[in-house]
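Participant: My questions all concern the structure below.
The values are calculated or read from the model by the stated rules, or taken from the named source; none is laboratory data. Given the structure is predicted, the values throughout are model-derived calculations rather than measurements. Accessible surface areas use protein heavy atoms only, side chains included; no ligands, DNA or RNA. Shrake-Rupley method; radii C 1.70, N 1.55, O 1.52, S 1.80 Å.
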Amino acid sequence: MHTLERIYPLKMDERLAADLATLDLHMQRYEFASDSLAGSRVLDMACGCGYGSALLAERHPDKQITGIDIDPEAIAYAQANYQRPNLRYECANAETFTDSAGFDSIVSLETIEHLPDPLRLAKNLVRLLAQGGRIIASVPTTPTLDGNPHHLHDFSPASFARLFGRHGLRPHERFEQIQRWEFSGLFKKSAKKEVRQHRSEGVGNAVLAYYRSHPFYLFRRLWSILRYGPSNRYLTCRFSAD
């Protein structure tokens, strides 16, 4: 059930330290989001299998949390394993989901880089936002297109800020994370589940294939390594008009 993009904590192999570290990064983002919430109605857009939505619901029993994801299997799993009294899930498209009442806080973590049109998503999130509300969102800020086939866009802190700045929302609190690369098994051709070392095992082969079809992207990767070292970086911000 685990993929490069989906984490199911209840099914994780505790022997895989790199996978646990990746989960910890995700949970830290949700903890930051939890500390940044305001109002009574909260939307978790692209909630996946629900572990983050459940964290928000547990820490804020006074708030109503809504988790949205386009994957019906993920929503079914969330309903079966991460249901809480003040939490509901719905299967819907992040770019077209509607709600007449609006939300005081919207959380959307590691979502924007996956969609064909980030501007469309940002516009819909702002439309769903109640007056005076806030958006807590995150993106990778180092190159990812070579190593993750599910990512369609790269962001810098500046381009991330502009995405919501055009709607009058400015970044306030910031939370930056660094994830050092895991090199073991990076170029394995295949790996059986029982001997896997981490969830991105074998990704190096896809990276080399990407450079063969996108040779100039290699320069972007090399510049990132020179500037930041062999690591991935992520930025989570609270955006609001105030």
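Participant: Hey, in the GNM for the chain with a 10 angstrom Cα cutoff, which one of ARG220, ARG29, ARG134 fluctuates hardest?
Facilitator: ARG220
Participant: Another question, then. Considering all alpha-carbon pairs of the stretch 44-111, what whole percent are spaced by more than 21 angstrom? Intermediate results must be reported in sequence, preceding the final value.
Facilitator: Details: 326 of 2278 pairs.
Above the 21 Å cut-off, the stretch 44-111 has 14 percent of its Cα pairs.
Participant: What figure in square angstrom, to the nearest 10, would you give for the accessible area of TYR210 with a 1.4 Å probe?
Facilitator: 50
Participant: If DNA, RNA and ligands are ignored and the probe is 1.4 Å, what is the ranking of ARG59, ARG15, ARG233 by accessible area, most exposed first?
Facilitator: Of ARG59, ARG15, ARG233, the descending order of accessible area is ARG15, ARG59, ARG233.
Participant: Separate question: Which three numbers, in whole Å and largest first, are the semi-axes of the equivalent ellipsoid of the chain derived from its Cα gyration tensor as √(5λ)?
Facilitator: Taking √(5λ) for each eigenvalue gives 30, 22, 15 Å, largest first.
Participant: Quick one: length gained pulling HIS214 to ASP99 fully straight, 0.36 nm per residue minus the C-alpha distance?
Facilitator: Working it through step by step, the gained length comes to 37.4 nm.
Participant: Let me ask something else about it. 5 Å is the cut-off here: which amide hydrogens, built 1.01 Å from N in the peptide plane, fall below it relative to GLU173, excluding neighbours closer than 5 in sequence?
Facilitator: Answer set, sorted by chain and number: ARG238.
Participant: Got a number for the accessible area of ASP71? Probe 1.4 Å, square angstrom, nearest 10.
Facilitator: It works out to around 50 Å².
Participant: For Cα pairs less than 8 Å apart in space and 6+ apart in sequence, what is the mean separation divided by the residue count of the stretch 51-136, i.e. the relative contact order in percent?
Facilitator: Contact order relative to length: 26 percent.
Participant: Using Cα-Cα distances under 8 Å and only pairs 6 or more residues apart, what relative contact order does the chain have, in percent?
Facilitator: Computed value for the chain: 20 percent relative contact order.
Participant: Apply the Karplus curve 6.51 cos²θ - 1.76 cosθ + 1.60, θ = phi - 60°, to the phi angles in the stretch 107-112 and return the couplings in whole Hz, x for Gly and Pro.
Facilitator: Result, rounded to whole Hz: 10, 8, 9, 6, 10, 4.
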